[in-house]
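**Q** I'd like to ask some things about the structure below.
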Amino acid sequence: MAATVTLNSVSNIKQQTMAPTSETNGSGNRQDGSTERCVLDSEEKRDVIRDILTEGSQHTLSNNHDAILNGGNEQANTMNNETNDQDESPVIDIHINNVVCTFNLRCHINLKRVAMEGSNVEYRREHGILNMKLRRPRVTANITSSGKVTCTGSTSEAEAKVAARRVARLLQKLGFNVRFSNYRVVNVLGTCILPFGIKLHNFSNQHPGEASYEPELHPGATYRIKPLKATLKIFSTGSITITAPCVANIGLAIEHIYPLVSEFQMEARVESSKQRLKQKRAQHSDFARNGFHEENDDEEEELEFDEEDEYDSEFEESFDSDVSHD
């Protein structure tokens, strides 16, 4: 706690610092008539200031003891509540897998010339598209003869714009009158994994307007958020795939869907290591017993087969004897 220093305490410090030593008289002059300024050592000054501050702090504590305790308790309670809220709030990692952007070059592109003179390109004449691949960033650009370019494969909006400008610069170096314009991010694909499973059938029944679940066609449920223009594919394992027009909408979509999905989470199956060991031992014992029974069954089958062989041999002998008598 910070203690306040009053004017009286400051005057006391000055009086103590100007006190005469043994070599001086009361006026602060030496006995030989020469004057000298009396200064305390740094350690003595520190001790004097500490004594004054402790006296002031004890006085303020005695006057406001109850208020300080109440305020401290309230502050501790608020801090505990904040920590509890932080512990309860989940941490979900969202991975951006693909950012699709488009832009226009505003000039005609001779695709055959680019395929002959450019590098890392593939010309598909049947589709009228030229594929150009970059290493840094790792992006694939689809170029048409009209000058429209679509870039896919980047993992952020900033990286997508860098790749688009790099493609335009490469075409400009080939001699085309390129003008970079109409750049925009078209689609963003993101994924995240929730820490629990989801009961998709109950979830789709609770939200029939936004969610659709047809397990015969697709294993995941489709949930659409019209204000964000986002589409979510929700799976029973807890993984969610989001497509939205920008990265910010993906985060907002996860914030929107999490409280709705958490109501239909599956029961967590937590098994201790001891239980797993018991299950493994039981499986081994069952396997050993089953193997022993299988061996016994094989022996019984062999015995039955031998008895049949004996019966067949006796029948053949009696049949041969009857034939010989005839």
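The values are calculated or read from the model by the stated rules, or taken from the named source; none is laboratory data. Worth saying up front: this structure is predicted, and the values here are computed from it rather than measured. Methodologically, a virtual Cβ is constructed for each residue, glycine included, from the backbone with ideal geometry; neighbour enumeration extends over all protein chains shown. Note: areas computed on protein heavy atoms with side chains; ligands, DNA, RNA excluded. Shrake-Rupley method; radii C 1.70, N 1.55, O 1.52, S 1.80 Å.
**Q** Pairs under 6 Å by beta carbon, first residue outside any loop (DSSP other than H, G, I, E, B) in region 234-248, partner of a type in the set (A, V, I, L, M) and open to solvent by 40 Å² or more (accessible area, probe 1.4 Å), six or more apart or different chains?
**A** Cβ pairs passing all conditions: SER239/ILE193; THR243/LEU189.
**Q** With the checklist (1) in contact with a Cys (Cβ under 8 Å, 6 or more places away or on another chain); (2) within 30 Å of SER262 (Cβ to Cβ); (3) surrounded by fewer than 17 Cβ atoms within 10 Å (Cβ to Cβ) in hand, flag the one item VAL186 doesn't pass.
**A** If we test VAL186 against (1) in contact with a Cys (Cβ under 8 Å, 6 or more places away or on another chain); (2) within 30 Å of SER262 (Cβ to Cβ); (3) surrounded by fewer than 17 Cβ atoms within 10 Å (Cβ to Cβ), just (2) comes out false.
**Q** Oh, and also: Checking the conditions here, which among ALA141, ALA168, ALA158, ALA164 is closer than 17 Å to ARG184 by Cβ and open to solvent by 70 Å² or more (accessible area, probe 1.4 Å)? Steps first, please.
**A** Working: ALA141 fails: open to solvent by 70 Å² or more (accessible area, probe 1.4 Å); ALA168 fails: open to solvent by 70 Å² or more (accessible area, probe 1.4 Å); ALA164 fails: open to solvent by 70 Å² or more (accessible area, probe 1.4 Å).
Of ALA141, ALA168, ALA158, ALA164, the one residue that is closer than 17 Å to ARG184 by Cβ and open to solvent by 70 Å² or more (accessible area, probe 1.4 Å) is ALA158.
**Q** Next question, about the same structure. Do we have any residue at all in region 267-286 that's in contact with a Gly (Cβ under 9 Å, 6 or more places away or on another chain) and either open to solvent by 70 Å² or more (accessible area, probe 1.4 Å) or at pLDDT 75 or above (or both)? Quick ask: steps written out before the conclusion?
**A** Initially, region 267-286 is screened for residues in contact with a Gly (Cβ under 9 Å, 6 or more places away or on another chain), giving 267-268.
Restricting the remaining residues to those that are either open to solvent by 70 Å² or more (accessible area, probe 1.4 Å) or at pLDDT 75 or above (or both) gives 267-268.
The answer is yes, given that some residue of region 267-286 is in contact with a Gly (Cβ under 9 Å, 6 or more places away or on another chain) and either open to solvent by 70 Å² or more (accessible area, probe 1.4 Å) or at pLDDT 75 or above (or both).
**Q** Go through region 91-150 residue by residue and tally those that are part of a strand (DSSP E or B) and more than 20 Å from TYR183 (Cβ to Cβ). Spell out how you get there, then give the answer.
**A** Residues of region 91-150 that are part of a strand (DSSP E or B), as a first pass: 94-104, 121-124, 129-134, 139-144, 148-150.
Those left that are additionally more than 20 Å from TYR183 (Cβ to Cβ): 94-95, 97, 121-124.
Residues meeting the conditions: 7.
**Q** Just wondering, is there one or more residues in region 207-214 that are modelled with pLDDT of 90 or more, among the hydrophobic types (A, V, I, L, M, F, W, C), in contact with a helix residue (DSSP H, G or I) (Cβ under 8 Å, 6 or more places away or on another chain) and over 30 Å from SER156 (Cα atoms)?
**A** No, region 207-214 has no match at all.
Here is a yes/no grid of residues against (1) touching a strand residue (DSSP E or B) at 6+ places or on another chain (Cβ under 6 Å); (2) under 27 Å from ALA253 (Cα atoms); (3) surrounded by 15 or more Cβ atoms within 10 Å (Cβ to Cβ); (4) touching a residue at least 60 places away in the same chain (Cβ under 8 Å):
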| residue | (1), (2), (3), (4) |
| --- | --- |
| ILE94 | yes, yes, yes, yes |
| ASN97 | yes, yes, no, yes |
| LYS112 | no, no, no, no |
| GLU117 | no, no, no, no |
| GLU122 | yes, no, no, no |
| ARG125 | no, no, no, no |
| LEU134 | no, no, yes, no |
| SER145 | no, no, no, no |
| CYS151 | yes, yes, yes, no |
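**Q** Suppose we keep only residues that are polar (S, T, N, Q) and part of a helix (DSSP H, G or I) within region 249-266. Which one would you say is surrounded by the fewest Cβ atoms within 10 Å (Cβ to Cβ)? Walk me through it before giving the result.
**A** Here is the first cut: in region 249-266, the ones polar (S, T, N, Q) are 249, 262, 265.
Filter once more, keeping what is part of a helix (DSSP H, G or I): 249, 262.
Working: ASN249: 20, SER262: 13.
Across region 249-266, the extreme among qualifying residues is SER262.
**Q** Right, another one. Can you find even one residue in region 180-199 that is at pLDDT 95 or above, within 30 Å of ILE234 (Cβ to Cβ) and small (Gly, Ala, Ser)?
**A** yes
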